[in-house]
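See below for the structure under consideration.
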Amino acid sequence: MRDTDLFQVALGVKPPWVVQKSEFDVTAKRLDIYLDFARGSRFVCPQCGTADCPAYDSEEKTWRHLNFFQHEAHLHARVPRVTCKSCGIKQVSVPWARPDSGFTLLFEALVMAMVQAMPVAVVARMIDEWDTRLWRIIHHYVERARDRADHSDVTSVAFDETASRRGHNYVSLFVDLVCRRVLFVAEGKDAGTVEAFAKELAAHGGNPKAIAEVCIDMSPAFISGIAQSLPNAQITCDKFHLVKLINEAVDAVRRSEQKSHAELKNSRYLWLKNPRNLSERQRTQLSNLSGSNLKTGRAYRIRLAFQELYAQPASNAALFLKKWYWWATHSRLPPMIEAARMVKRHWNGILRWFHSNIANGIMEAINSLVQAAKAKARGYRSLRNLKAIIYLIAGKLELALPT
Ligand SMILES: [Zn+2]
């Protein structure tokens with residue numbers, strides 16, 4: 001078999017395209033394969049699909065292809081423009097590459113597989129390409145897949161913000177709680193992001209009015225955005241955020257009390273963790289401290305009681321929360337009273353959990369993916385790159401890669 005025949009079969013090139021010649025340069029670690037078409041060949045019009053259009057002129061092009069063993073492989077061809085009776089002069093599409101891409105489809109598929117597993121900068125080094133060229137591939141496939149994404153059955157969402165780079169910028173993530181996928185990444189964390197999400201939903205066959213349940217932290221911006229843009233949504237206050245705020249109140253009590261009680265120094269961790277997550281020694285330490293009639297001990301018991309809310313039967317939840325509120329507001333511990341007032345402001349959202357049973361726990365899983373995505377987008381100031389990587393990793397997109 002001649003090398004041109006071998007490459008013809010291996011590349012899957014079909015008439016009118018033929019492999020004309022190949023050049024292999026061991027020193028340059030490079031294989032160049034030249035494709036051509038026979039004189040007088042006819043092509044399909046790329047715009048209207050009319051067959052048998054004659055070539056008008058042609059342009060030399062090069063595409064990087066999958067490596068030939070350890071050697072870079074490049075395809076070359078003169079790509080014809082055809083004269084179509086209806087459309088005029090058009091450049092034909094070649095079967096091995098997208099228009100205006102300097103890579104073959106198979107090379108792009110390889111890049112897309114690699115960037116899902118490692119940082120783009122690393123992939124760029126490994127395959128010796130400019131990362132800017134790889135980002136163009138990523139944006140192309142992610143955008144096409146996002147165009148096709150179907151949001152018609154979305155009814156239950158969670159949103160949360162995450163700092164994009166060293167806390168300078170924020171992105172808000174909108175997550176489908178049923179399919180556990182990122183639906184939308186918005187820049188910023190204001191009410192406008194909810195409006196942008198509602199528009200995005202509608203653009204993908206979804207209905208903002210069909211969103212029945214939303215789980216968020218206590219962000220006033222999100223709350224007002226929901227009122228404006230997701231009119232039928234019931235808000236559930238995320239229990240992890242609530243417990244975190246109450247924990248912060250406990251720590252505020254401890255910090256002010258440690259001035260007069262040195263034994264409280266360095267005990268922050270003991271009060272923040274749940275008892276079952278402590279070691280034997282820490283548990284003993286905690287029970288000694290909490291038994292000694294400290295304000296911190298009282299604040300801590302108020303926090304534990306708040307968590308017990310979530311173990312109550314739904315029928316008892318409102319009464320339980322009412323009693324808790326009375327206890328916390330009568331604790332004479334200003335940070336706990338402040339926390340209780342915050343609970344009062346979000347009363348319905350807290351009790352909604354007993355109906356919706358949703359929480360932002362999934363956000364933790366998605367956030368760890370996003371942290372990985374940030375590492376993958378490292379070195380790129382562009383939020384566009386970060387968003388593309390988040391969609392790629394956590395969006396459950398159908399990339400429709402060439403095979
Ligand atoms: Zn045409």
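The values are calculated or read from the model by the stated rules, or taken from the named source; none is laboratory data. Keep in mind the model is a prediction, meaning the values are calculated, not measured. All Cβ positions, glycine included, derive from the backbone under ideal geometry; neighbour counts span all protein chains shown. These area figures cover heavy atoms from the full protein model, side chains too; ligands, DNA and RNA do not enter into them. Shrake-Rupley method; radii C 1.70, N 1.55, O 1.52, S 1.80 Å.
A few comments on the model shown:
- Scan of segment 170-198 for residues that are open to solvent by 70 Å² or more (accessible area, probe 1.4 Å) and touching a residue at least 24 places away in the same chain (Cβ under 8 Å), ordered by number: V178, R180, E187, K189, D190, E195
- On the stretch given as segment 283-315, residues that are part of a helix (DSSP H, G or I) and open to solvent by 30 Å² or more (accessible area, probe 1.4 Å) total 15.
- Residue match in segment 240-249 (condition: of a type in the set (D, E) and either within 27 Å of R146 (Cα to Cα) or in contact with a strand residue (DSSP E or B) (Cβ under 8 Å, 6 or more places away or on another chain) (or both)): no
- Checking D217 against (1) modelled with pLDDT of 95 or more; (2) touching a strand residue (DSSP E or B) at 6+ places or on another chain (Cβ under 9 Å), the condition it does not meet: (1)
- Test: residue in segment 89-105 that is assigned to a helix (DSSP H, G or I), surrounded by 15 or more Cβ atoms within 10 Å (Cβ to Cβ) and away from the ligand (no atom under 16 Å from the Cβ): yes
- Selection of strands (runs of 3 or more DSSP E) fully inside segment 166-282 by the criterion of at least 1 residues being polar (S, T, N, Q) returns 170-176, 234-237.
- Some residue of segment 110-132 being open to solvent by less than 10 Å² (accessible area, probe 1.4 Å) and within 16 Å of the ligand (Cβ to nearest atom): no
- Checked against the criterion of being at pLDDT below 95 and either within 16 Å of the ligand (Cβ to nearest atom) or of a type in the set (S, T, Y) (or both), the candidates S172, S152 yield just one match: S172.
- Test: L264 is over 29 Å from W353 (Cβ atoms) and crowded, with 18+ Cβ neighbours inside 10 Å: yes
- Restricting segment 75-88 to residues that are within 16 Å of the ligand (Cβ to nearest atom) and touching a residue at least 24 places away in the same chain (Cβ under 8 Å), the residue that is most open to solvent (accessible area, probe 1.4 Å) is K85.
- Strands (runs of 3 or more DSSP E) wholly inside segment 1-74 containing at least 3 residues that are within 16 Å of the ligand (Cβ to nearest atom): 53-68
- Qualifying residue in segment 146-156 (condition: farther than 30 Å from A212 by Cβ and open to solvent by 60 Å² or more (accessible area, probe 1.4 Å)): no
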